[in-house]
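Colleague: Here it is, the structure, as C-alpha coordinates.
The values are calculated or read from the model by the stated rules, or taken from the named source; none is laboratory data. Just so we're clear, the structure is a prediction, and the values are computed from it rather than from any experiment. Every residue, glycine as well, gets a Cβ built from its backbone with ideal geometry; the counts of neighbours run over all protein chains shown. Heads up: the accessible areas ignore ligands, DNA and RNA and are worked out on the full protein's heavy atoms, side chains in. Shrake-Rupley method; radii C 1.70, N 1.55, O 1.52, S 1.80 Å.
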Amino acid sequence: MGKYTTPMFLADQLGYHAAAYQKDLSGQTVVVVGANVGLGYEAAKHFSTMGAARVIMACRSKERGAEAVERVQKETGLKNTELMLVDLADFASTAKVAADLEAKVDRLDLLVLNAGLVSNGPKRQATVDGWEQAIQVNVVASSILALLLLPLMIKTSRERHTIPRTVIVASAVHFWAARWEKEITEQPGLLKALSDLETFNPINRYWETKLFNILFTRALNERLRATHPTIIVNAVNPGLCTTNLTRNADIPWDMRVRQAVLSVSAEVGSRELVWAALAGSEQAGSLRGQYISRNAVVEPSDFVLSEEGRVAQDRIWREIVAVGEKVDPKIGQIVKEYLLDV
(Lines give C-alpha, C1' and ligand atoms only; values in the text may rest on other atoms or scores of the structure.)
Protein backbone atom coordinates (compact mmCIF):
# COMPACT_ATOMS: atom_id res chain seq x y z
CA MET A 1 0.00 0.00 0.00
CA GLY A 2 2.98 2.30 0.45
CA LYS A 3 2.30 5.54 2.29
CA TYR A 4 -0.92 6.51 4.01
CA THR A 5 -1.41 10.02 2.67
CA THR A 6 -3.58 12.90 3.83
CA PRO A 7 -6.02 12.45 0.89
CA MET A 8 -6.36 8.76 1.80
CA PHE A 9 -7.01 9.66 5.43
CA LEU A 10 -9.63 12.24 4.43
CA ALA A 11 -11.33 9.77 2.10
CA ASP A 12 -11.49 7.19 4.90
CA GLN A 13 -12.96 9.68 7.36
CA LEU A 14 -15.37 11.51 5.08
CA GLY A 15 -16.48 8.69 2.78
CA TYR A 16 -19.53 6.49 3.13
CA HIS A 17 -19.51 4.14 6.12
CA ALA A 18 -21.49 0.95 5.69
CA ALA A 19 -24.01 -0.17 8.27
CA ALA A 20 -22.85 -2.66 10.89
CA TYR A 21 -22.41 -6.19 9.59
CA GLN A 22 -25.09 -8.56 10.87
CA LYS A 23 -24.79 -12.24 11.77
CA ASP A 24 -26.68 -14.68 13.94
CA LEU A 25 -24.55 -15.29 17.04
CA SER A 26 -26.97 -17.61 18.81
CA GLY A 27 -25.21 -19.69 21.44
CA GLN A 28 -21.89 -17.88 21.06
CA THR A 29 -19.71 -16.21 23.68
CA VAL A 30 -18.09 -12.88 22.90
CA VAL A 31 -15.47 -11.05 24.98
CA VAL A 32 -14.77 -7.37 24.38
CA VAL A 33 -11.83 -5.95 26.33
CA GLY A 34 -12.10 -2.25 27.09
CA ALA A 35 -15.88 -2.22 26.75
CA ASN A 36 -17.11 0.40 29.19
CA VAL A 37 -16.86 3.32 26.73
CA GLY A 38 -16.22 4.18 23.10
CA LEU A 39 -15.48 1.58 20.47
CA GLY A 40 -15.61 -1.36 22.86
CA TYR A 41 -18.94 -0.32 24.30
CA GLU A 42 -20.54 0.14 20.89
CA ALA A 43 -19.11 -3.14 19.58
CA ALA A 44 -20.42 -5.01 22.62
CA LYS A 45 -23.85 -3.51 22.02
CA HIS A 46 -23.80 -4.65 18.38
CA PHE A 47 -22.84 -8.20 19.38
CA SER A 48 -25.57 -8.21 22.02
CA THR A 49 -28.27 -7.44 19.44
CA MET A 50 -27.15 -10.35 17.25
CA GLY A 51 -28.33 -12.94 19.75
CA ALA A 52 -25.05 -13.92 21.38
CA ALA A 53 -25.59 -16.09 24.44
CA ARG A 54 -23.02 -14.12 26.42
CA VAL A 55 -21.31 -10.81 25.72
CA ILE A 56 -18.65 -10.32 28.37
CA MET A 57 -17.60 -6.72 28.78
CA ALA A 58 -14.11 -6.80 30.26
CA CYS A 59 -13.39 -3.50 31.99
CA ARG A 60 -10.87 -2.07 34.44
CA SER A 61 -13.32 -0.28 36.73
CA LYS A 62 -16.04 -2.24 38.51
CA GLU A 63 -18.24 0.84 38.89
CA ARG A 64 -17.90 2.10 35.30
CA GLY A 65 -18.11 -1.43 33.93
CA ALA A 66 -21.32 -2.17 35.81
CA GLU A 67 -22.80 1.09 34.55
CA ALA A 68 -21.85 0.16 30.98
CA VAL A 69 -23.46 -3.28 31.26
CA GLU A 70 -26.62 -1.73 32.66
CA ARG A 71 -26.65 0.87 29.88
CA VAL A 72 -26.32 -1.74 27.13
CA GLN A 73 -29.13 -3.77 28.65
CA LYS A 74 -31.34 -0.70 28.85
CA GLU A 75 -30.58 0.41 25.29
CA THR A 76 -31.05 -3.05 23.74
CA GLY A 77 -33.71 -4.52 26.01
CA LEU A 78 -31.51 -7.63 26.29
CA LYS A 79 -29.85 -9.30 29.28
CA ASN A 80 -26.99 -11.15 27.58
CA THR A 81 -24.21 -8.76 28.67
CA GLU A 82 -22.11 -9.24 31.80
CA LEU A 83 -19.05 -7.77 33.45
CA MET A 84 -15.59 -9.16 34.08
CA LEU A 85 -12.78 -7.09 35.52
CA VAL A 86 -9.33 -6.77 33.99
CA ASP A 87 -6.58 -4.18 34.30
CA LEU A 88 -4.04 -4.60 31.53
CA ALA A 89 -1.68 -2.29 33.43
CA ASP A 90 -1.31 -5.20 35.87
CA PHE A 91 -0.04 -8.53 34.50
CA ALA A 92 -1.54 -10.39 37.47
CA SER A 93 -4.98 -9.05 36.54
CA THR A 94 -4.40 -10.05 32.91
CA ALA A 95 -3.61 -13.63 33.91
CA LYS A 96 -6.55 -13.71 36.34
CA VAL A 97 -9.17 -12.75 33.77
CA ALA A 98 -7.90 -15.47 31.45
CA ALA A 99 -8.17 -18.03 34.26
CA ASP A 100 -11.64 -16.74 35.18
CA LEU A 101 -12.83 -17.10 31.60
CA GLU A 102 -11.50 -20.65 31.35
CA ALA A 103 -13.33 -21.51 34.57
CA LYS A 104 -16.63 -19.77 33.83
CA VAL A 105 -17.31 -20.19 30.10
CA ASP A 106 -17.46 -23.36 28.05
CA ARG A 107 -16.70 -21.64 24.75
CA LEU A 108 -15.11 -18.46 23.40
CA ASP A 109 -16.06 -17.52 19.85
CA LEU A 110 -14.98 -13.90 19.54
CA LEU A 111 -12.26 -12.00 21.39
CA VAL A 112 -11.96 -8.28 20.67
CA LEU A 113 -8.84 -6.72 22.18
CA ASN A 114 -9.78 -3.07 22.20
CA ALA A 115 -8.30 -1.67 25.43
CA GLY A 116 -5.70 1.01 24.87
CA LEU A 117 -4.44 4.39 25.96
CA VAL A 118 -2.40 7.39 24.88
CA SER A 119 0.35 8.30 27.33
CA ASN A 120 -0.36 11.41 29.38
CA GLY A 121 2.63 13.57 28.56
CA PRO A 122 6.21 12.92 27.46
CA LYS A 123 7.50 11.57 30.77
CA ARG A 124 7.49 7.85 31.47
CA GLN A 125 4.68 6.60 33.71
CA ALA A 126 5.27 3.06 34.92
CA THR A 127 2.75 0.35 35.65
CA VAL A 128 2.90 -1.81 38.77
CA ASP A 129 5.00 -4.20 36.67
CA GLY A 130 7.54 -1.51 35.81
CA TRP A 131 6.61 -1.09 32.14
CA GLU A 132 5.68 2.16 30.44
CA GLN A 133 1.89 2.29 30.44
CA ALA A 134 1.13 2.43 26.71
CA ILE A 135 3.61 -0.33 25.84
CA GLN A 136 2.18 -2.65 28.49
CA VAL A 137 -1.54 -1.95 28.01
CA ASN A 138 -1.67 -1.56 24.24
CA VAL A 139 0.84 -4.26 23.31
CA VAL A 140 2.33 -6.62 25.88
CA ALA A 141 -0.64 -7.38 28.13
CA SER A 142 -3.12 -7.51 25.25
CA SER A 143 -0.87 -9.97 23.40
CA ILE A 144 -0.38 -12.11 26.51
CA LEU A 145 -4.15 -12.26 26.99
CA ALA A 146 -4.57 -13.42 23.39
CA LEU A 147 -2.09 -16.23 24.03
CA LEU A 148 -3.62 -17.27 27.36
CA LEU A 149 -7.07 -17.57 25.78
CA LEU A 150 -5.83 -19.50 22.75
CA PRO A 151 -6.53 -22.98 24.25
CA LEU A 152 -10.14 -22.04 25.06
CA MET A 153 -10.68 -20.70 21.55
CA ILE A 154 -9.14 -23.75 19.87
CA LYS A 155 -11.22 -25.99 22.16
CA THR A 156 -14.28 -24.09 20.94
CA SER A 157 -13.20 -24.62 17.35
CA ARG A 158 -12.80 -28.36 17.82
CA GLU A 159 -15.96 -28.97 19.81
CA ARG A 160 -18.30 -26.57 18.04
CA HIS A 161 -16.91 -26.90 14.51
CA THR A 162 -16.55 -23.14 14.24
CA ILE A 163 -13.69 -20.76 13.52
CA PRO A 164 -13.31 -18.36 16.47
CA ARG A 165 -11.66 -15.00 15.88
CA THR A 166 -9.33 -12.73 17.78
CA VAL A 167 -9.58 -9.12 16.64
CA ILE A 168 -6.80 -6.77 17.69
CA VAL A 169 -7.68 -3.08 17.39
CA ALA A 170 -4.81 -1.41 15.56
CA SER A 171 -4.89 1.80 13.53
CA ALA A 172 -3.82 3.42 10.27
CA VAL A 173 -1.46 5.56 12.36
CA HIS A 174 0.95 2.62 12.26
CA PHE A 175 1.98 4.02 8.86
CA TRP A 176 3.33 7.13 10.61
CA ALA A 177 5.38 5.53 13.39
CA ALA A 178 8.96 6.82 13.39
CA ARG A 179 11.78 4.34 12.89
CA TRP A 180 13.87 3.53 15.93
CA GLU A 181 17.40 4.70 16.54
CA LYS A 182 20.26 2.20 16.69
CA GLU A 183 20.47 2.67 20.45
CA ILE A 184 17.03 1.08 20.62
CA THR A 185 17.30 -1.59 17.94
CA GLU A 186 20.61 -2.85 19.30
CA GLN A 187 19.11 -3.57 22.72
CA PRO A 188 18.20 -7.20 23.55
CA GLY A 189 14.52 -6.32 23.93
CA LEU A 190 12.93 -3.84 21.54
CA LEU A 191 9.75 -3.33 23.56
CA LYS A 192 11.65 -3.10 26.84
CA ALA A 193 14.12 -0.60 25.40
CA LEU A 194 11.29 1.66 24.30
CA SER A 195 9.50 1.14 27.59
CA ASP A 196 12.60 2.19 29.54
CA LEU A 197 12.95 5.57 27.80
CA GLU A 198 12.42 8.31 30.38
CA THR A 199 10.96 10.72 27.81
CA PHE A 200 9.29 10.20 24.45
CA ASN A 201 6.72 11.71 22.12
CA PRO A 202 3.36 10.39 23.41
CA ILE A 203 1.74 10.60 19.97
CA ASN A 204 4.52 8.64 18.29
CA ARG A 205 4.45 6.20 21.20
CA TYR A 206 0.78 5.50 20.44
CA TRP A 207 1.62 5.08 16.74
CA GLU A 208 4.39 2.65 17.71
CA THR A 209 2.00 0.56 19.78
CA LYS A 210 -0.41 0.27 16.87
CA LEU A 211 2.49 -0.87 14.67
CA PHE A 212 3.38 -3.49 17.27
CA ASN A 213 -0.25 -4.67 17.30
CA ILE A 214 -0.02 -5.43 13.59
CA LEU A 215 3.37 -7.12 13.92
CA PHE A 216 2.05 -9.34 16.72
CA THR A 217 -1.05 -10.21 14.70
CA ARG A 218 1.10 -11.35 11.79
CA ALA A 219 3.49 -13.25 14.05
CA LEU A 220 0.69 -15.14 15.80
CA ASN A 221 -1.03 -15.95 12.52
CA GLU A 222 2.13 -17.43 11.03
CA ARG A 223 2.41 -19.78 13.98
CA LEU A 224 -1.17 -21.00 14.05
CA ARG A 225 -1.57 -24.51 12.66
CA ALA A 226 -3.80 -24.19 9.60
CA THR A 227 -4.12 -27.97 9.12
CA HIS A 228 -6.48 -28.57 12.04
CA PRO A 229 -9.20 -26.55 13.80
CA THR A 230 -7.78 -23.19 14.75
CA ILE A 231 -8.70 -19.53 14.92
CA ILE A 232 -8.53 -16.41 12.77
CA VAL A 233 -6.55 -13.48 14.11
CA ASN A 234 -6.58 -10.10 12.43
CA ALA A 235 -5.93 -6.41 13.12
CA VAL A 236 -8.42 -3.66 12.37
CA ASN A 237 -8.29 0.09 11.85
CA PRO A 238 -11.43 1.76 13.25
CA GLY A 239 -10.42 5.18 11.92
CA LEU A 240 -10.32 8.44 13.84
CA CYS A 241 -13.26 8.30 16.24
CA THR A 242 -14.78 10.44 18.95
CA THR A 243 -13.83 8.48 22.06
CA ASN A 244 -12.21 9.03 25.46
CA LEU A 245 -8.87 7.68 24.24
CA THR A 246 -7.06 11.02 24.43
CA ARG A 247 -9.02 12.50 27.34
CA ASN A 248 -5.92 12.84 29.55
CA ALA A 249 -3.29 13.10 26.83
CA ASP A 250 -1.25 16.18 25.96
CA ILE A 251 -2.37 16.53 22.33
CA PRO A 252 -1.25 19.47 20.13
CA TRP A 253 -4.02 21.95 19.34
CA ASP A 254 -3.93 21.28 15.59
CA MET A 255 -4.54 17.57 16.21
CA ARG A 256 -7.40 18.44 18.57
CA VAL A 257 -8.98 20.54 15.82
CA ARG A 258 -8.54 17.79 13.24
CA GLN A 259 -10.07 15.31 15.62
CA ALA A 260 -13.05 17.56 16.29
CA VAL A 261 -13.68 18.16 12.58
CA LEU A 262 -12.94 14.75 11.07
CA SER A 263 -13.79 12.17 13.73
CA VAL A 264 -16.60 9.71 13.17
CA SER A 265 -18.66 8.54 16.12
CA ALA A 266 -17.60 5.61 18.25
CA GLU A 267 -20.59 3.68 16.92
CA VAL A 268 -19.44 4.18 13.31
CA GLY A 269 -15.90 3.14 14.22
CA SER A 270 -17.18 0.07 16.04
CA ARG A 271 -18.64 -1.21 12.78
CA GLU A 272 -15.08 -1.87 11.62
CA LEU A 273 -14.50 -4.07 14.68
CA VAL A 274 -17.73 -5.94 14.02
CA TRP A 275 -16.82 -6.53 10.36
CA ALA A 276 -13.36 -7.85 11.29
CA ALA A 277 -14.98 -10.20 13.82
CA LEU A 278 -17.81 -11.54 11.67
CA ALA A 279 -17.50 -10.93 7.93
CA GLY A 280 -16.07 -13.15 5.24
CA SER A 281 -16.94 -16.55 6.70
CA GLU A 282 -17.16 -18.00 3.20
CA GLN A 283 -13.53 -16.98 2.59
CA ALA A 284 -12.20 -17.11 6.11
CA GLY A 285 -8.68 -17.95 5.02
CA SER A 286 -8.32 -14.59 3.31
CA LEU A 287 -8.73 -12.83 6.66
CA ARG A 288 -5.98 -14.67 8.51
CA GLY A 289 -3.31 -12.33 9.84
CA GLN A 290 -4.63 -9.44 7.79
CA TYR A 291 -4.88 -5.73 8.38
CA ILE A 292 -8.46 -4.58 7.85
CA SER A 293 -9.63 -1.06 7.12
CA ARG A 294 -12.95 0.25 5.82
CA ASN A 295 -14.45 -3.24 5.77
CA ALA A 296 -11.76 -4.64 3.50
CA VAL A 297 -8.39 -6.35 3.67
CA VAL A 298 -5.68 -3.85 2.76
CA GLU A 299 -1.90 -3.86 2.84
CA PRO A 300 -0.23 -2.51 5.96
CA SER A 301 2.74 -0.16 5.79
CA ASP A 302 5.82 -0.83 3.70
CA PHE A 303 7.78 -1.25 6.93
CA VAL A 304 5.54 -4.11 8.07
CA LEU A 305 6.10 -5.88 4.74
CA SER A 306 9.85 -5.20 4.62
CA GLU A 307 12.68 -7.41 5.81
CA GLU A 308 13.34 -4.92 8.58
CA GLY A 309 9.72 -5.23 9.63
CA ARG A 310 9.96 -9.01 9.57
CA VAL A 311 12.95 -8.89 11.89
CA ALA A 312 11.06 -6.58 14.27
CA GLN A 313 8.04 -8.89 14.09
CA ASP A 314 10.04 -11.94 15.14
CA ARG A 315 11.83 -9.99 17.85
CA ILE A 316 8.70 -8.71 19.54
CA TRP A 317 7.10 -12.17 19.29
CA ARG A 318 9.98 -13.74 21.20
CA GLU A 319 10.00 -10.87 23.68
CA ILE A 320 6.25 -11.06 24.38
CA VAL A 321 6.40 -14.83 24.84
CA ALA A 322 9.35 -14.47 27.23
CA VAL A 323 7.51 -11.85 29.30
CA GLY A 324 4.35 -13.96 29.15
CA GLU A 325 6.14 -17.00 30.55
CA LYS A 326 7.08 -14.94 33.61
CA VAL A 327 3.49 -13.73 33.98
CA ASP A 328 2.05 -17.23 33.65
CA PRO A 329 4.21 -20.31 32.99
CA LYS A 330 1.34 -21.77 30.96
CA ILE A 331 2.37 -19.50 28.09
CA GLY A 332 5.35 -21.71 27.30
CA GLN A 333 3.19 -24.81 27.14
CA ILE A 334 0.56 -23.05 25.04
CA VAL A 335 3.15 -21.96 22.49
CA LYS A 336 4.63 -25.45 22.37
CA GLU A 337 1.31 -27.29 22.10
CA TYR A 338 -0.75 -25.05 19.86
CA LEU A 339 1.70 -23.09 17.73
CA LEU A 340 4.33 -23.80 15.12
CA ASP A 341 8.00 -23.09 15.74
CA VAL A 342 8.71 -20.54 13.00
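Colleague: With 23 Å as the limit, write out which pairs from 182/330; 123/210; 3/45; 3/192; 155/192; 45/330 have Cα-Cα distances beyond it, or answer none.
Modeller: Numbers: 182/330 34 Å; 123/210 20 Å; 3/45 34 Å; 3/192 28 Å; 155/192 33 Å; 45/330 32 Å.
Cα-Cα > 23 Å for 182/330; 3/45; 3/192; 155/192; 45/330; rest within.
Colleague: Check which residues have an amide H placed less than 5 Å from residue 81's amide H, if you skip close sequence neighbours.
Modeller: For residue 81, whose amide H was placed from the backbone, the distant partners under 5 Å are 55.
Colleague: Show which aspartates and glutamates lie in cross-link reach of residue 96 when reach means a straight Cα distance below 14 angstrom and same-chain residues fewer than eight apart are skipped.
Modeller: Residue 96 reaches 87, 328.
Colleague: Can I ask one more? Can you find, among 264, 194, 342, the residue farthest towards the positive end of the dipole of the chain? Put +1 on the C-beta of Lys and Arg, -1 on that of Asp and Glu.
Modeller: 264
Colleague: Further question on the same structure: Find the accessible area per residue for the stretch 150-217; the probe is 1.4 Å, ligands and nucleic acids are left out, and the unit is Å².
Modeller: Working: 2650 Å² over 68 residues.
On a per-residue basis, 39 Å².
Colleague: Within 10 Å, at most 11 other Cβ atoms, and a DSSP state outside H, G, I, E, B define an exposed site. Report the longest part of the chain free of exposed GluC sites (Glu not before Pro). Write out the running numbers ahead of the final one.
Modeller: Details: sites that count: 181, 186, 198.
The answer is 1-180.
Colleague: Could you look at the chain and say what percent of its accessible area is carbon and sulfur, using a 1.4 Å probe and all protein chains? Could the numbers behind the result be given before it?
Modeller: Working: 7550 of 14520 Å².
With neighbouring chains kept in place, the figure for the chain is 52 percent.
Colleague: Among the trypsin sites (Lys or Arg not before Pro) within the stretch 132-214, which fall in a DSSP loop and have no more than 11 other Cβ atoms within 10 Å of their own Cβ?
Modeller: 179
Colleague: What is the log10 of I(q)/I(0) for the chain, computed with the Debye formula using one identical point scatterer on each Cα and no solvent, at q = 0.10 Å⁻¹?
Modeller: Per q value, in the given order, log10 I(q)/I(0) is -0.54.
Colleague: Would you calculate a helix-derived [θ] at 222 nm for the chain, using -39,500 (n - 2.57) for each DSSP H run of n ≥ 4 and dividing by the full residue count, to the nearest 500?
Modeller: Rounded to the nearest 500, it is -14000 deg cm²/dmol.
Colleague: Something else: Taking the Cα centre of the chain as origin, sum charge times position over the Cβ atoms of Lys and Arg (+1) and Asp and Glu (-1), and report the length of that vector in debye to the nearest 20.
Modeller: Working: 39 positive and 39 negative charges, 107 e Å.
So the magnitude is around 520 debye.
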